[in-house]
Ligand code: CP
Ligand code: NVA
């Protein structure tokens, strides 16, 4: 989404395949340069404000390190400590912060609130997770898949478990990159309307079923996520209903022999995934976590209209 000439990174489906491909290429190039000890100062003196309404380890640290390695700085803010928690509007907050900082990254549960912040901001706003979407995560996931298995186009992917924000962004990516994504989720936690609309729009790229065994059969990639996302209240009931959706060695055995396993982390070992799978040879979860850093750099550079030469 853009407001005026300001570029925001809010949702995967705001972009064309070419735009995201450009960012993925940039992420790969910056990763290679970092491994060679080269840290190009593409964002010298830029200041990124980060607002966290909820907990974070990866998003928080990877954005912070990304900015530092690119020559910029960060300000870490908690929604609780800001006047936002005393009912200052998102629009006023956005207008004020736009006068101080060069970009804003926010983790906020309400996607509507994110959109309001972006509407009010005259600097780039980046979605660091809402209840609807987690687009930065999916950029890291795409980068990780392609590093291990080559082009994502046409890849057979299974999502097993809850239908949440990470799934929503994967649905958008599957449509854009022409994958074959099969979602296995129980009826009780089937996609909400907004996600359902995007699944329908994705056409043959996305299939929704209930049986996890059928979903993983012959796929190149198995993905799951926590059964209890931030903002969910019915933890015990979710664990009960989602139990048959655990990714364990029996389930993984139905996928292709060299299928990858991904999880955005944090994992709840023994719930959605077993130790054997997440610590096993098919798991790329720590590459995925590392790639948040490289993907974040590419997103920041895109937002600032900066390209590495
Ligand atoms: N995957 C992810 O966003 O992790 P954090 O919640 O730790 O940021
Ligand atoms: N679906 C999870 C992702 C955490 C990174 C949540 O929203 O809590």
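Readers should treat all values here as calculations from the given coordinates under stated rules, not as data from a laboratory. Being a predicted model, the structure only gives us computed values, none of them experimental. Every residue, glycine as well, gets a Cβ built from its backbone with ideal geometry; the counts of neighbours run over all protein chains shown.
Observations
- Treating each Cα of the chain as an identical point scatterer and summing with the Debye formula, the log10 of I(q)/I(0) at q = 0.08, 0.12, 0.13 Å⁻¹ comes to -0.34, -0.78, -0.91.
- Computed extension gain for residue 250 through residue 44, at 0.36 nm per residue and net of the alpha carbon distance, reaches 69.2 nm.
- Distance between the 7 Å Cα→Cβ label points at residue 207 and residue 306: 4.5 nm.
- Computed FRET value (nearest 0.05) for residue 196 with residue 237, which takes r as the C-beta separation and R₀ as 22 Å: 0.55
- Convex hull (Cα only) mean projected area of the stretch 119-190, reported in nm² to one decimal: 6.0
- Largest first, the extents of the alpha carbon coordinates of the stretch 31-145 on the three principal axes equal 47, 31, 22 Å.
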